[in-house]
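A.B. asks: Take a look at this one; I'll ask things after.
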Amino acid sequence: MTIKVEDTLFSNRYVVDSGRAHIKVKPHTIPSPALLALTRVCPAHCYELNDRGQVEVIADGCLECGTCRIICQDSQDIEWNYPRGGFGVLFKFG
Amino acid sequence: MASAQQPNDKFDVIVIGAGPSGNAAAYVLARGGLRVLQLERGEYPGSKNVQGAILYANALEQIIPDFRDDAPLERHVIEQRIWMLDDKSYVGMNYRSEDFNEERPNRYTIIRAPFDKWFSRKVRDAGATIVCETTVTELIRTEAGRVIGVRTDRDGAVVLADMVIMAEGVNGLVGQRSGLRPELKPDSVALAVKEMHFLPRETIDARFNLKGAEGVVIEAMGTVTDGMVGTAFLYTNQESISVGIGCLVSDFKTGTAAPYELLHRFKTHPAIAPLLEGAEVKEYAAHLIPEGGYNSIPQLYGDGWLIVGDAGQFVNAVHREGSNMAMTSGRLAAELVIKLHRMREPFSSENLAEYHTMLKNSFVMKDLKKYKGIPGFLHSSSKHVFGTYPRLLSQAAQTWFRVDGADKREKERQIVSMMRKDRSFSGLISDAFKLVRAWR
């Protein structure tokens, strides 16, 4: 089943903090199983494999749930912070 | 303690976060005459908050007795449906009663952004200072470890107070990075995704057989979560339907499905699809729910600090209760702080320990303690509880209700033999035994 989450994300409201990503993937050659799992588990599909087989994050559509931080807590693959105050997803309904 | 002589930038209490627990705490504190600063990272209170959402009146009544006069409530719940799904069917229990059409209804559906804005206006009117678009980055502590304030992301500005209440929600980064609480464990937290589906009010009334402000909630579990520990929900609002599904993060991690695939599967289930048909989706949200229960509750107090709400893991996953526990923990924390303030007692760990006692004497800890075995039971039996049993129930019901020339004794034999085939008697008995033990 291929269900595109990107179409749904368009209905959300975001204030993107350009140039200040609040999530960073640490440099790696081969992704850990936890990091790889994020390409499937992230509910906003922020994580993708690039053509060199590494996991990249584009956090513009991030829903700030925190799942990726919890999954990667042992492997320490990512750096996770809240966006600066006022930035990020702004739920109209929540 | 604070007095009129102190500089303006010193507060009695700083509350981190403007969700149900933070608002409850800030409101009660401000009404008690304390100087309260509430910091919220969203553009407005509610903009970072996600919930199903059901409001349990009792917890809010104890804080704002006349909340029904102006709170943005959607519908009061007159019918609860609990469904076990397999791929094509549901077996369920519906309970609907005219008694729920009472003058002061017990449960309401709400939409969190407008509700939180309303609650926050009450906090402001009570006299608290609310600053939004400000993320707290760390606690300020003395060398002895006593919390005396916070640092924010507004040019690193520091604000001091006698006491900090952490109402920062499930992720609880401030408490965590200050070493006051551990990181969440994947098997004690659920990831839920949710969509808001808009339909005309009359359409919702007709599809759910409702009039006026009556509402229906559906909680469902079964094969839709693919054997993972999780539940789905559908709540009727005035002109929208909240529909969502959540599973344990540990199950997502090792599973094969994406969260929005599960949501899609639920939305397209033959029992659900007709209820949502033609709706316009206006938002997609995701949020973590702390579901580890009693055994996952962190240390809740210390010198100069208290933890309330989701940050303290106050969620009863079995009964889908959390916001009521959040509000109650926020209120109890505030009541203790007011008491100590009036007695001119320090906010020491020793004095704040009473917060734990207050929680223990309330439904919050009593209920969490009652169900402390449930997370473990669901883990050990998830494949059956979220796969085998819903399928068996559906097959049994179908065998029983289909009139096809087979005699009734033969039908009973068929049902027993299908149970035996999919789950041995000893397995059934062992699951039943484990469930009863966890439930008691």
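Each reported figure results from applying straightforward, stated rules to the coordinates on display, with no laboratory input. Predicted, not measured: the structure shown is a model, and the values here were computed from it. Using ideal geometry, Cβ is built from the backbone for each residue, glycine included, and neighbour counts are taken over all protein chains shown.
A.B. asks: Note down the nm distance, to one decimal, between modelled labels 7 Å out along Cα→Cβ at B:R320 and at B:D70.
C.D. replies: 3.1 nm
A.B. asks: In addition: Could you state the principal axis extents of the C-alpha atoms in segment B:187-290, from the largest down, to the nearest angstrom?
C.D. replies: Principal extents (Cα only, largest first): 43, 26, 21 Å.
A.B. asks: Treat the count of other C-beta atoms within 10 Å as a stand-in for reagent exposure and order A:S18, A:S32 from fewest to most.
C.D. replies: Least to most surrounded, the residues fall as A:S18, A:S32.
A.B. asks: Taking the alpha carbon gyration tensor of segment B:374-439, what are the square roots of 5 times its eigenvalues, largest first, to the nearest whole Å?
C.D. replies: Value: 27, 11, 9 Å, ordered largest first.
A.B. asks: Taking amide hydrogens as modeled 1.01 Å from N in the peptide plane, which residues meet the under 5 Å criterion relative to B:F11, leaving out close sequence neighbours?
C.D. replies: Answer set, sorted by chain and number: B:L160, B:A161, B:D162.
A.B. asks: Still on this structure: Got the relative contact order for chain B handy, in percent, Cα pairs under 8 Å and 6 or more residues apart?
C.D. replies: Answer for chain B is 20 percent.
A.B. asks: Select from B:L39, B:L55, B:L184 the residue whose mean-square fluctuation is largest in a Gaussian network model of chain B (Cα-Cα springs shorter than 10 Å).
C.D. replies: In the Gaussian network model the winner is B:L184.
A.B. asks: Using only atoms on other chains, find how many Cβ atoms lie within 10 Å of each Cβ of peptide B:189-198 and report the average. Each step should come with its number before you reach the end.
C.D. replies: Values: counts 4, 1, 8, 2, 6, 4, 3, 5, 0, 1.
For this peptide, the per-residue mean of nearby foreign Cβ atoms is 3.
A.B. asks: Additional query: Using Cα springs under 10 Å in a Gaussian network model of chain B, which residue among B:A24, B:A157, B:A353 shows the largest mean-square fluctuation?
C.D. replies: Comparing B:A24, B:A157, B:A353 in the GNM, the peak value goes to B:A157.
A.B. asks: With the cut-off at 1.5 for a/c, could you classify segment B:1-131 from its C-alpha gyration tensor as rounded, prolate or oblate?
C.D. replies: Verdict is prolate for segment B:1-131.
A.B. asks: If each residue's Cβ is checked for other Cβ atoms within 10 Å, how do B:T142, A:T39, A:T8, B:T268 rank with the fewest at the top?
C.D. replies: Ranking B:T142, A:T39, A:T8, B:T268 by Cβ neighbours within 10 Å, fewest first, gives B:T142, B:T268, A:T39, A:T8.
A.B. asks: Another question, if that's okay. How large is the translational diffusion coefficient of segment B:230-358 in µm² per second when you combine the Kirkwood radius over alpha carbon pairs with Stokes-Einstein at 25 °C and 0.890 mPa s? Intermediate results must be reported in sequence, preceding the final value.
C.D. replies: Working: Rh = 17.7 Å.
Here the translational diffusion coefficient equals 139 µm²/s.
A.B. asks: Tell me, what is the FRET efficiency for B:A406 and A:L49 to the nearest 0.05, using R0 = 51 angstrom and their Cβ-Cβ distance as r?
C.D. replies: Between B:A406 and A:L49 the formula returns 0.45.
A.B. asks: What would the Debye formula give as log10 I(q)/I(0) at q = 0.08, 0.13 Å⁻¹ for the alpha-carbon point model of the protein assembly as shown, no solvent?
C.D. replies: Taking Cα atoms of the protein assembly as shown as identical point scatterers yields -0.53, -1.36.
A.B. asks: In whole Å, what three semi-axes, largest first, describe the equivalent ellipsoid of segment A:6-89 built from its Cα gyration tensor (square root of 5 times each eigenvalue)?
C.D. replies: Rounded to whole Å, the semi-axes are 21, 14, 12.
A.B. asks: Further, regarding this structure: Quick one: Cα centre-to-centre distance for segment B:209-233 and segment B:168-204, in angstrom?
C.D. replies: Result: 18 Å between the Cα centres.
A.B. asks: Follow-up question, since we're still on this one. Please identify, among B:Y95, B:Y294, B:Y260, the residue showing maximal mean-square fluctuation in a Gaussian network model of chain B using a 10 angstrom Cα cutoff.
C.D. replies: Most flexible of the set in this elastic network: B:Y95.
A.B. asks: Using Cα centres only, tell me the gap between segment A:22-54 and segment B:62-98 in whole Å.
C.D. replies: 39 Å
A.B. asks: Separate question: Round to a whole angstrom and tell me the spacing of the C-alpha centers of segment B:107-165 and segment B:24-59.
C.D. replies: 9 Å
A.B. asks: Can you put B:H356, B:H76 in order, fewest other beta carbons within 10 Å first?
C.D. replies: Starting with the residue having the fewest Cβ neighbours, the order is B:H356, B:H76.
A.B. asks: How high is the relative contact order of segment B:187-290, given as a whole-number percent (alpha carbon pairs under 8 Å, six or more residues apart)?
C.D. replies: Relative contact order for segment B:187-290 comes out at 44 percent.
A.B. asks: Please give me, ordered by residue number, the trypsin sites (Lys or Arg not before Pro) of segment B:193-248 that lie in loop per DSSP and have at most 13 other Cβ atoms within 10 Å.
C.D. replies: B:K211
A.B. asks: Can I ask one more? Using only helices, what value at 222 nm comes out for chain B when you add -39,500 (n - 2.57) per DSSP H run of length 4 or more and divide by the total residues, to the nearest 500 deg cm²/dmol?
C.D. replies: On the way: 16 runs with 155 residues, N = 440.
Counting only the DSSP helices, I get -10000 deg cm²/dmol.
A.B. asks: Further question on the same structure: What area, in nm² and to one decimal, does the C-alpha convex hull of segment B:81-218 cast on average over all directions?
C.D. replies: For the Cα atoms of segment B:81-218, the hull's average projected area reads 14.1 nm².
A.B. asks: In square nanometres, what is the average projected area of the Cα convex hull of chain B?
C.D. replies: 23.4 nm²
A.B. asks: Only loop residues by DSSP count here, and only those with at most 13 other Cβ atoms within 10 Å; note down the chymotrypsin sites (Phe, Trp or Tyr not before Pro) in segment A:1-89 that meet that.
C.D. replies: A:F10
A.B. asks: Any idea what the alpha-carbon Rg over 2.2 N^0.38 Å comes to for segment B:315-405?
C.D. replies: 1.83
A.B. asks: Which angle between 0 and 90 degrees, to the nearest 10, do you get for helix B:408-422 versus the longest principal axis of chain B when only C-alpha atoms count?
C.D. replies: Taking the Cα atoms of chain B, the angle to B:408-422 is about 50 degrees.
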